[in-house]
Every structure is written in C-alpha cells, then in structure tokens.
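Read the structure below first, then the notes.
The values are calculated or read from the model by the stated rules, or taken from the named source; none is laboratory data. Quick caveat: nothing in here was measured; it's all calculated off a predicted structure. Note that we place each Cβ from the backbone using ideal geometry, even for glycine, and neighbour counts take in every protein chain shown. Surface areas here come from the heavy atoms of the whole protein model, side chains and all, with no ligands, DNA or RNA. Shrake-Rupley method; radii C 1.70, N 1.55, O 1.52, S 1.80 Å.
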Amino acid sequence: MMKHILDAIMTGGQRSPERQAEFASLAVPESYRGVVVRKDEVGLFEGRVSRDKDPRESLHVDEVATPELGPGEALVAVMASSVNYNTVWTSIFEPLSTFGFLERYGRTSPLARRHDLPYHVVGSDLA
C-alpha cells in the first residue's frame, strides 16, 4: 500500500489528467508507522531531574490507526518528521503531560473524544 502512495508522490511532477486521477484514487491506509509516547508510561521518569530524563526511553515506533477526518481537517501524506523541543517535552512529560490536555479536550465533544487515546503520535515538524 505505502509503495503505491510513494510511487504516486514521486511521479507527481507528471500533471497529466490520468496521473492526477490515479493519485486521487489511492486508498488511504488503515494504519501507518509513527513514533508515539504511551499514556501508561507517564510516570516513567518520576523522581528524576529533567536532565536525567532520556526521551529514548519513552519514544516507541508503533503501527497506529489512521484517524478518521473531522470537519475542517485534511489528510496529509508525511514523508518525514523530526524531533524538536515539542517532541522532547512530550517524551519526558514536561512541563505537563500531553495526555492531560488530550483528556480534557476529549471531554469537549464526541468528535474531540477520538483524541483521548492511550498513545500520542509525536513529530510536529513534517515534510
């Protein structure tokens, strides 16, 4: 599945109607590989000072479900993402756990509830 998407993206410079129709007809994968932090590991670094919290301990490569789109949202094909300070802070659960925000947001509406998951995909810089 991902090979078909990559092939379509790599030949995207060919703007023929046939290539555009082929690209538009690609199926969205049911899941993808992402780097996540897990809700059940929020206490992983308890008792450690910030400099002793190693993000490599809490970052995991997992296969995650592709989320359903909500109103006003778009699906973006990401070829790469990177680690930045947002990722580091999220991975060491500082200054606050991201899961606290996601739980509160999940209570705001049935649509928002889909963000309250046992994992959080990191990588806010993408290409």
What does the accessible area of Tyr32 come to, in Å² to the nearest 10, when a probe of 1.4 Å is used?
-> 70
1.4 Å probe accessible area per residue over the chain, in Å² = 71
Order these peptides, 88-101, 39-52, by their mean beta-carbon neighbour count within 10 angstrom, highest first.
-> 88-101, 39-52
Ignoring ligands, DNA and RNA, what percent of the accessible area of the stretch 1-121 is carbon or sulfur (1.4 Å)?
-> 57
With θ set to phi - 60°, apply the Karplus curve 6.51 cos²θ - 1.76 cosθ + 1.60 along the stretch 77-87 and write out the HN-Hα couplings as whole Hz, x wherever there is a Gly or Pro.
-> 7, 9, 8, 7, 9, 9, 8, 9, 4, 4, 5
Net charge, Arg48 excluded, C-beta distance under 12 Å - Lys, Arg +1, Asp, Glu -1 | -3
For Cα Rg over 2.2 N^0.38 Å, the choices are (1) 1.15; (2) 1.01; (3) 1.28; which was calculated from the structure?
-> (3)
